[in-house]
Amino acid sequence: MRTQTSNQIAKNDSGFNKYILNEHNRLRQLHGVPDLKLDDKLSKGCQAYAEELAVKDKMDHSNEAKTGEFGENLAAMQNDPRTCVQLWYDEIELYNFKKGEYSTKTGHFTAVVWKATTHLGVGHKKNEASKKVYVVARYLPPGNVIGQFIENVPKPLNSTCRSGNLNEFTFGLVLIFAWLLNKFLA
């Protein structure tokens, strides 16, 4: 069975967009939140903006995203552009589920798993000079709404999944070990 290379997928808009959708949904399922649906109209806007970013060879959020019309994640990848969703998700390591607050260090992660978001748009374009592939993902309804993080960014369902925080059990073991060590050394 042949698999497509990242260059082949990047040239195939439909295949790339479906791959990015599937990656979002795979990661969202770890948190028990509903799958996203690919939105053609949203994807057309993403594609136009990815082309604009590739021409400029510079990343900057769109004016519409800045005003909250939709959520938006951006990436500029010289390697496999399909890994952008996992890179966004990896911000989970920095997210504090107990506080449930917005942070510029975790905003990509929270956008990926935001429970109330139902639709995704995707676009991408390569800048041939820099060899960067610009990826634009947009979310409707937008996530990262202040005051709504606790109900929209649930912890992973599986305790072996990275959560970005020490869980209570691990913390308890650390305390017991410290107590025993203190008794032993005293």
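Any read-out appearing in this document is the output of simple, stated calculations on the displayed coordinates, not a laboratory observation. What you see is a predicted model; the values in this text were computed from it and never measured. Heads up, the Cβs are rebuilt from the backbone with ideal geometry, glycines too, and the neighbour counts pull from every protein chain shown.
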Quiz prompt | Pairs of alpha carbons in segment 40-127 whose separation is greater than 18 Å (percent) | solution = 48 percent
Practice problem: Please list, or write none, the aspartates and glutamates whose alpha carbon is within less than 18 Å of the alpha carbon of K41, excluding same-chain residues fewer than 8 places away. | Solution: D13, E51, E52, E64, E69, E72
Quiz item: What pairs in K132/K155; K18/K44; K44/K99; K56/K99; K56/K155; K126/K155 have C-alpha atoms more than 26 Å from each other?
Solution: K132/K155; K44/K99; K56/K99; K56/K155; K126/K155
Self-check item: Filter on K37/K131; K37/K125; K58/K98 - keep pairs with C-alpha separation over 32 Å
Solution: K58/K98
Quiz prompt | Karplus (6.51, -1.76, 1.60) ³J(HN,Hα), θ = phi - 60°, over segment 28-43, in Hz, Gly and Pro reported as x | solution = 5, 4, 4, 10, x, 9, x, 5, 8, 10, 6, 10, 4, 5, 4, 5
Self-check item: Charge context of T83, other residues only, Cβ under 12 angstrom, K/R +1, D/E -1
Solution: -2
Self-check item: Nonlocal amide H pairs with K132, under 5 Å, H built at 1.01 Å
Solution: N127
